[in-house]
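Colleague: I'd like to ask some things about the structure below.
The values are calculated or read from the model by the stated rules, or taken from the named source; none is laboratory data. Note that the structure is a prediction, hence the values are computed from the model and not measured. With ideal geometry, Cβ positions are generated from the backbone for all residues, glycine too; neighbour counts draw on all protein chains shown.
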Amino acid sequence: MVSNCEIYDIAFDQKSQVPAITLSGNGNSARNNEIYNTPHFAVKMKYANNCITEKNYIHDLPKYHRFDGGAVYLATGNQFFNRGNKIAHNYFENISTNGAYLDNYTMGNYVYGNVFYNVGNGTKGSKNAAVYIHGGGQNVVSNNIAINCPFAYKTGSHIIKAFNTTNYLNSWYNDAKNHFKKSDKLFTDFTHQYPEIKEVINKLHDSPKIILDHVSNQSLKKISSKQNRKSQLDMYDLKGANSFFLNDTDNLEWINWFMIRYQSSTFKNNIYTFTSDEFLPDFHGNDKGTKGAFKLGNESGVFLMAPYKLKVSSKIKKISNHRVVDNHYLKDFPLNIRGISQSYGLELNSILSFPDIPSFKDINLKEIGINKSINKD
């Protein structure tokens, strides 16, 4: 555990990719810290299971690497069995990049009870968000508050389209094949610990024969190369998207392929609001910064989802299997949660409560940051 620390102005020589705290392994935590003025990340979680970043006050960063990254950065996507990590009850303030960034197919984690204030406003054109999930699935984002964030929640497809995307797929298929058969101890242990992982493993085992043949003859990485992409990966995705769109159960293995490639996370019971019209995104999609947002519940510029674009009868059909349920856009900024408000400055009440939204659990800001009652000596 790293707890009750104040960490700032670190990394004098190597600035990029250097966090204040790194969590790896199983069950480690960063709790009740204040982290600011770091060059890139506040907390990085990699090769991690059941690690927790909670009740930290993270603000005013990054100071160096402003174009890619996030305050709390998860990069566990190379191993589908690295999961169960939590980002919970933190206060993110004045973060120019992303708040919680689940990168490169990171799967099976939880982001809940956090407050994101003025997150993602620092770099125009990058479309940063309070929570950014880059290709991964089975993540649950719930009971968070985003204030003055241009995008509250965003999913990305760059990793799905990148030339090295099949490096990740190759790792998953080989791990499933070599270590996670139903007769293997790891399958029993992991499905007991993480019941939802069974769905991922089954989809990997029950993928199209042509994909499993690529795994067997070690050619899976090559299908996303420039030479092969159009004739192989793009064609496989098209076949998968058509099967998914038509719910063609006769081609269930291709539906499995599509759902492995375009994974599903859940966004539920979150709140997003703005202190004034000055911070409102362009809900009509005229501004280049928010144009093209995938509309969910007739809202664009708050959610930005990267769907699969399937051409159906000469029209483009956007397909997304993300679950977006019971989120709340508060058009009028609730006076009961704020104290003093200034441009890019906000003093929140100690308890954030929303009695009109019974399903939303109160957030106690008194518990966030360094616990002054603990004797540091």
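Colleague: What number of residues in the stretch 167-225 are loosely packed, with under 14 Cβ neighbours inside 10 Å, farther than 24 Å from G84 by Cβ and of a type in the set (S, T, Y)?
Modeller: The number of residues fulfilling the criteria is 2.
Colleague: If you don't mind, there's one more thing I want to ask. Can you pull out the residues in the stretch 80-102 that are touching a helix residue (DSSP H, G or I) at 6+ places or on another chain (Cβ under 8 Å) and closer than 16 Å to I133 by Cα?
Modeller: Correct list: F80, R83, G84.
Yes/no matrix, rows are residues, columns are (1) modelled with pLDDT under 85; (2) of a type outside the set (A, V, I, L, M, F, W, C); (3) farther than 18 Å from F116 by Cβ:
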| residue | (1), (2), (3) |
| --- | --- |
| E278 | yes, yes, no |
| F303 | yes, no, no |
| Y308 | no, yes, yes |
| K315 | no, yes, yes |
| S341 | yes, yes, no |
| S353 | no, yes, no |
| I357 | no, no, no |
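Colleague: For V141, are the conditions met, namely being within 20 Å of F360 (Cα to Cα), touching a residue at least 60 places away in the same chain (Cβ under 8 Å) and part of a strand (DSSP E or B)?
Modeller: The answer is yes for V141.
Colleague: Right, next: Exactly one of these conditions fails for S320: (1) of a type in the set (S, T, Y); (2) surrounded by 13 or more Cβ atoms within 10 Å (Cβ to Cβ); (3) modelled with pLDDT of 90 or more. Give me its number.
Modeller: (3)
Colleague: Next question. Just to verify a result, which residue in the stretch 1-13, among those that are more than 16 Å from V72 (Cβ to Cβ) and in contact (Cβ under 8 Å) with a residue 60 or more places away in the chain, is surrounded by the fewest Cβ atoms within 10 Å (Cβ to Cβ)?
Modeller: E6
Colleague: Counting only residues that are within 25 Å of the chain's Cα centre (by Cα) and in a loop (DSSP other than H, G, I, E, B), which one in the stretch 355-366 is nearest to N56 (Cα to Cα)?
Modeller: Result: D362.
Colleague: What residue, among those in the stretch 55-70 that are in contact with a Gly (Cβ under 9 Å, 6 or more places away or on another chain) and modelled with pLDDT of 95 or more, is nearest to K127 (Cα to Cα)?
Modeller: Once the filter is applied, the top-ranked residue is I58.
Colleague: Continuing with the same structure: Among the residues of the stretch 187-204, which ones are out of contact with any Gly (no Cβ under 9 Å at 6 or more places or on another chain) and aromatic (F, W, Y)?
Modeller: Residues satisfying the conditions are F187, F190.
Colleague: Okay, moving on. Might you let me know whether the stretch 14-37 holds any residue that is surrounded by fewer than 24 Cβ atoms within 10 Å (Cβ to Cβ) and without any contact (Cβ under 8 Å) to a residue 12 or more places away in the chain?
Modeller: Yes, the stretch 14-37 has at least one match.
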